[in-house]
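See structure below.
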Amino acid sequence: MTTIDIRGILEYLPHRYPFLLIDRVLELEPGKRIVAIKNVTINEPYFVGHFPHIPVMPGVLMIEALAQAAGVLSFETLGRKSDASSVFYFVGIDGARFKRPVGPGDQLRLEVEIMRFAKSISKFRGVATVDGQVAAEAELMCTLRDVAPPQTAAAARQAGD
């Protein structure tokens, strides 16, 4: 089983602060499953406005954290890293349920398993827990799409000449 620190995660995901929602990968079995963690701190930017009197991590961000874990699992399964020529998109979320609030000081454990893996659309089952209690769960559908790499400013100017 593979473990991945934050430097490795940055190679698999294009996300950066404040939207990178995985701190470490504890277990990874390509083609099967991943277990990752998100350390939730009071410094998260959403706590300023999301129930400031009782800070709660938005449920959609828990689902996004599960999707980011699915992204790392997918790239590792394909034997590649994230680059400017591809994007891993959400295409569906089924059965999302939120079972307990998550707040500062909690460690969100993200467990994602592949239900179906295909180039067009892959399906994952994700469960986010805190201290063994389910916080959120959902089935996620994602697709890897090729995109045109961004042009440099010089190339854009030259193309416009």
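The values are calculated or read from the model by the stated rules, or taken from the named source; none is laboratory data. Owing to the predicted nature of the structure, the values given are computational and were not obtained by experimental measurement. Neighbour counts are summed over all protein chains in view; Cβ atoms, including those assigned to glycine, are modelled from backbone coordinates with ideal geometry.
In the range 26-45, the condition of being in a helix (DSSP H, G or I), within 17 Å of T129 (Cβ to Cβ) and modelled with pLDDT of 95 or more is met by no residue. For the subset of the range 66-101 comprising residues that are polar (S, T, N, Q) and over 14 Å from the mean Cα position of the chain (by Cα), which member is surrounded by the fewest Cβ atoms within 10 Å (Cβ to Cβ)? If we take residues in the range 66-101 being polar (S, T, N, Q) and over 14 Å from the mean Cα position of the chain (by Cα), then S85 is surrounded by the fewest Cβ atoms within 10 Å (Cβ to Cβ). I need the full set of residues from the range 25-48 which are among the aromatic types (F, W, Y) and surrounded by fewer than 16 Cβ atoms within 10 Å (Cβ to Cβ), in order please. Residue satisfying the conditions is Y46 alone.
Restricting the range 10-24 to residues that are assigned to a loop (DSSP other than H, G, I, E, B) and in contact with a helix residue (DSSP H, G or I) (Cβ under 7 Å, 6 or more places away or on another chain) leaves a set whose member that is surrounded by the most Cβ atoms within 10 Å (Cβ to Cβ) is I22.
The residues of the range 105-126 that are loosely packed, with under 14 Cβ neighbours inside 10 Å, of a type outside the set (A, V, I, L, M, F, W, C) and in contact with a Phe, Trp or Tyr (Cβ under 9 Å, 6 or more places away or on another chain) amount to a single one, R116. Residues that are surrounded by fewer than 10 Cβ atoms within 10 Å (Cβ to Cβ) and touching a residue at least 60 places away in the same chain (Cβ under 8 Å) do occur in the range 137-147, at least one of them.
Those strands (runs of 3 or more DSSP E) of the range 85-139 in which 1 or more residues are in contact with a helix residue (DSSP H, G or I) (Cβ under 7 Å, 6 or more places away or on another chain) and hydroxyl-bearing (S, T, Y) occupy 122-130. Can M57 be described as more than 17 Å from I121 (Cα to Cα), of a type outside the set (D, E) and assigned to a loop (DSSP other than H, G, I, E, B)? For M57, the condition - more than 17 Å from I121 (Cα to Cα), of a type outside the set (D, E) and assigned to a loop (DSSP other than H, G, I, E, B) - is met.
Pairs are defined by a Cβ separation below 8 Å, a sequence spacing of at least 6 or placement on different chains, a first member in the range 77-89 that is closer than 15 Å to S122 by Cβ, and a second member that is loosely packed, with under 14 Cβ neighbours inside 10 Å and acidic (D, E); the pairs so defined are S86/D146. Considering only the range 41-56, I want to know if a residue exists there that is in contact with a Pro (Cβ under 9 Å, 6 or more places away or on another chain) and closer than 21 Å to I114 by Cα. Taking every residue of the range 41-56 in turn, none turns out to be in contact with a Pro (Cβ under 9 Å, 6 or more places away or on another chain) and closer than 21 Å to I114 by Cα.
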